[in-house]
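The structure appears below as structure tokens.
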Amino acid sequence: MKSRKPEDRRVIGWREWLALPAFGVKAIKAKVDTGARTSSLHAFDLEEFRAGSRDMVRFGIHPEQRSSKRERIVEAEVHEWRNVRPSTGEAELRPVILTPIEMFGESWQIELTLTRRDAMGFRMLLGRQAVRGQCVVDPGRSYLNGRRSKKTGRLVQRKSSSE
């Protein structure tokens, strides 16, 4: 998706629900972190393999925060391997994948690093590269994209975008 004009960019809060359609995840809570360059997803049991000439990873995800009840095993092509320096300060080599996210009924592709985020409050971190040219962050707001329905697990959009 192309970059939007500044006046057309969606406002998002410091935490948002979004979808990862390539993984069948209808809603996952993400912390929006403009201090982090790249987005990150909690992944466990990471396994590298080759499919033809492509480097792939298979991994598990728990889309629900503070719960391991729902588990998905997914596969993705490795875009590259990158050294990332998380808040702990020690550089870590992580696989980077490309995957679409959905917010506000629109979809665009982002880079996503895979790592264990067990100790973190959010299963996903949405970094500044993912929102650059698409959204403006209002750190005093939350869930402007809607909330996850406890019944269906799907994202329920807000009625009005002016809320």
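Just so it is clear, none of the values below were taken in a lab; they were calculated from the coordinates. Computed from a predicted structure; not experimentally measured. As a convention, Cβ positions derive from the backbone with ideal geometry for all residues, glycine included, and neighbour counts pool all protein chains shown.
Answer rounded, prolate or oblate for segment 18-64, using the Cα gyration tensor with square roots of eigenvalues a ≥ b ≥ c: rounded when a/c is under 1.5, else prolate when a/b is larger than b/c, else oblate.
Details: a/c = 2.19, a/b = 1.61, b/c = 1.36.
Prolate.
Computed over neighbours whose Cβ is under 15 Å from that of Ala76, the net charge equals -2, Lys and Arg +1, Asp and Glu -1. Per-residue ellipticity at 222 nm, computed for the chain from helices alone with -39500 (n - 2.57) per DSSP H run of at least four residues, works out to -500 deg cm²/dmol.
Quick check on the chain: what are the equivalent-ellipsoid semi-axes from the Cα gyration tensor, as sqrt(5λ), descending, whole Å? Show your work: numbers first, answer last.
On the way: eigenvalues 127, 65, 49 Å².
Each semi-axis is the square root of five times an eigenvalue, giving 25, 18, 16 Å.
Considering Cα pairs under 8 angstrom that are at least six residues apart, work out the relative contact order of the chain and quote it in whole percent. Rounded, it is 34 percent for the chain.
Please get the size of the charge dipole for the chain, origin at its Cα centre, with Cβ charges of +1 on Lys and Arg and -1 on Asp and Glu, quoted in debye to the nearest 20.
Details: 33 positive and 21 negative charges, 157 e Å.
The calculation lands at about 760 debye.
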